[in-house]
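We did not get these values from a lab; they are worked out from the coordinates using the rules stated. The shown structure was predicted, so the numbers you read here are calculated from the model rather than taken from an experiment. Cβ placement follows ideal geometry from the backbone for every residue including glycine, while neighbour counts extend to all protein chains displayed.
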Amino acid sequence: MYKIFKAKVIDNLPLNKKNYLLTIEPLDPISEPSPGQFYMVGTGNSFDPLLKRPFSYFRKTAQAIQFLYTVKGKGTAQMKALKPGDGMQVIGPLGTGYPKPPKGYIPLLIAGGIGIASLFSLAECFTKKPSLIYGSRCKDDLLILNELEKLGSELITCTDDCSFGREGMVTDVLTNFLDSPSSKGTSYMIYACGPKPMLAAISQIALDKHIKGYVSLEENMACGFGACLGCSVKTGKGYKRVCKEGPVFPIEDIVW
Amino acid sequence: MKGLYCPLAHSRPDIHRDSEVNSVFDSIQIRSRTIQSLTTTDYSMDLSVNIGKLKLKNPVMTASGTFGYGEEYADFVDLNLLGGIVVKGISLKPMEGNPAPRICETPCGMLNAIGLQNVGLKTFLRDKLPYLRNFDTKIVVNILGNSVQEYVRLAKTLVDTGVDGIELNVSCPNVKKGGMTFGIDPRSLAKLITAVKRTVSSTVLITKLSPNVSSIPDFSRVAEDAGSDAISLINTIPALSIDTETWKPRLANVTGGLSGPAIKPIALRMVWEASQAVSIPVIGIGGITNALDALEFLLAGASAVQVGTGNFLNPKATIEIISGLAAYLRRKNIQTIGDIIGGMKGTKSGHNPDH
Ligand SMILES: Cc1cc2nc3c(=O)[nH]c(=O)nc-3n(C[C@H](O)[C@H](O)[C@H](O)COP(=O)(O)OP(=O)(O)OC[C@H]3O[C@@H](n4cnc5c(N)ncnc54)[C@H](O)[C@@H]3O)c2cc1C
Ligand SMILES: Cc1cc2nc3c(=O)[nH]c(=O)nc-3n(C[C@H](O)[C@H](O)[C@H](O)COP(=O)(O)O)c2cc1C
Ligand code: FES
């Protein structure tokens, strides 16, 4: 099994102006990822951009790996230009993914924006599909809704500008959800991925309500496999590497 | 492809033939131009070099802070093939390092302000060194202290455990105390080297020079005169990057050290200057990503090289450089790598037969 492998692009599908779904076929034997893990993806052959970029896998099948990505800067602009047949170098699967909930706990998934990329594979792996709260800035940024509906999860969407689903932030929706009568007596295990301020707010709610859970963090990365210490974040147990001990951390460990 | 969400599946082009794909990869691999696996003939080339008393099987080492404690690369590289491993800088007590973000990318380079996060001497000796000892390669420990006494204690303890070499980090731009102060003041540098050399005696002592000085030749001579067995350069170059949306620096530490291909020409000039100034071996560091980069440093006078940021771009960079060097020797019909060292032509003092 190779941790660093060549792959070729099968498809690079625009979902809207800035979000794409990239499908690649690994050309070397690779090991199976688990939900929450990620890959370092290298596209170009120049020194600018220089480093590979980290992306959660969105879905893995026998022949292919899919990434759901937002175009941000140089690296993702280059990714956007990939065409079927193009070659690339990938490292992974990397990091520590989402642990299974202990017996008696019901998973509750919370995605903000492109955070859905990392949670989709988790939702997929439960036989009894978990509830998913999925928020974004506007309707256009709510991605792959068809797929999510097909999955059979209870899907609660919300947008900051009220253009789709419920009005407001995922944190408002989360509070309502937890306070609703149907949630009484249920022990939830939160799994959240999204922008840092959202994760910090969710963590506060979870701590206040004594709910356990996990957040998936992002940090700039140089290596992705634990060597550079560039991605370290402060936790209650000292600095930890997002790429190795993370990206998924227990909510109570993170010092925001 | 069954079950894969792919709305354009019907219009997906046929899967390309392997040969076409390979040609795409050939262009991707310009970064490490000489990708060839080590063959038996490669071993017949003499790649070995000497850093003082330290004999390396080839001139390719890893740069401190970019190769963890070796174990992080075990998935990618057969550590036995390396000339040497220089581990992350070790201090007496563990260090937490700087807040995030600690790194950001700049054109053809990156800034880092890790702040020398490390496990500390005790944990290094207990958990990290035994692992490294399993491999047939030289282990050099990069050390950092706040005082001469701290450096001496670190060096003494490490030498007693039998490490192959000590690299003095006197040039880290990312910590407030120590480190850099020794690197930019010739008198304290000389004092430090003399004291450490006295304790480590026969173990090879390498002084890692700061690029942040007005004269590389002067500092190289200070290191040589004080008893250093070799010098390595360069460490990262202090630099800054600003986010124009937020008007904030991209690193929490504000400034960081620039590394990667962007610094290679500067590093090469400094290595050349250093090798002209001293007769102890010089180890070249800075932006090396492939065998041709390494060759430039050897031609400029370096007896060995260290690969840093290049490991992040391609975790196999070191071994590809080693096989690339062997392939180069074969192509040029050169018997030993030593014949390349200091071989730059067209300068008054191009070839330096001392090496
Ligand atoms: C574990 C992990 C998983 C990720 N999964 C996904 C995913 O599935 N889909 C997706 O679209 N994005 C994901 N990201 C974020 C993605 O890596 C960045 O958006 C990408 O690196 C930006 O590269 P760029 O060259 O386009 O932007 P740059 O020009 O490098 O930067 C543009 C902006 O993006 C920010 N940025 C750069 N690198 C990162 C980073 N590593 N994390 C967060 N912000 C960054 C910069 O600070 C800057 O504001 C993930 C990040 C991590 C750490
Ligand atoms: C993430 C990172 C961490 C580093 N940590 C150390 C260190 O602990 N001690 C040290 O002497 N140099 C350290 N360096 C400097 C490198 O060893 C090397 O001198 C420098 O990066 C230039 O080489 P390069 O361009 O090949 O990376 C570090 C560099 C990077 C990028
Ligand atoms: S990205 Fe290098 S240690 Fe995490």
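Data table
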item	result
Cα gyration tensor shape of segment A:134-187, rounded if a/c is under 1.5, else prolate or oblate by comparing a/b with b/c	oblate
Dipole of segment A:106-253, positive direction: furthest Cα of A:Ser187, A:Thr159, A:Ala123, with charges on the beta-carbon	A:Ser187
Sorted by Cβ neighbour density within 10 Å, fewest at the top, the residues A:Phe225, A:Phe5	A:Phe5, A:Phe225
Cα shape, segment B:206-344, gyration tensor, a/c 1.5 rule	oblate
Loop sites in segment B:243-319: GluC sites (Glu not before Pro), DSSP, at most 12 other Cβ within 10 Å	B:Glu245
Isotropically averaged projected area of chain A, using the convex hull of Cα atoms (one quarter of hull area), nm²	13.6
Amide N proximity, segment A:1-43 versus A:Asn146 label position 7 Å along Cα-to-Cβ, cut-off under 19 Å	A:10-24
Exercise: per-residue mean of other protein chain Cβ atoms within 10 Å, A:47-56	5
Per-residue average of Cβ from other chains inside 10 Å of B:104-116	4
For A:Ser56, distant residues with modelled amide H under 5 Å away	A:Tyr39
Low-density loop positions, GluC sites (Glu not before Pro), segment A:122-230 - DSSP coil, at most 14 other Cβ in 10 Å	A:Glu154
Euclidean distance between Cα centres, segment B:99-177 to segment A:77-145, Å	37
Calculated over segment A:106-253: convex hull of Cα atoms, volume per residue (Å³)	115
Sparse-neighbour loop sites [trypsin sites (Lys or Arg not before Pro); segment A:1-96; at most 13 other C-beta within 10 Å; DSSP]	A:Lys17, A:Lys72
Cα-based Rg / Dmax (Å) for the protein assembly as shown	25.9, 87
Cross-link pairs A:Lys244/B:Lys55; B:Lys57/B:Lys208; A:Lys52/B:Lys88; A:Lys6/A:Lys128; B:Lys55/B:Lys156 - those with Cα-Cα distance over 30 Å	A:Lys244/B:Lys55; A:Lys6/A:Lys128
Spin-label pair A:Ala81/B:Lys55, simplified geometry with 7 Å Cα→Cβ offset, distance in nm	5.0
Sequence-distant residues sharing a close amide H with B:Asn142 (under 5 Å, placed H)	B:Val87, B:Ile90, B:Glu167
Segment A:178-254 and segment A:6-31: distance between their alpha carbon centers, rounded to Å	27
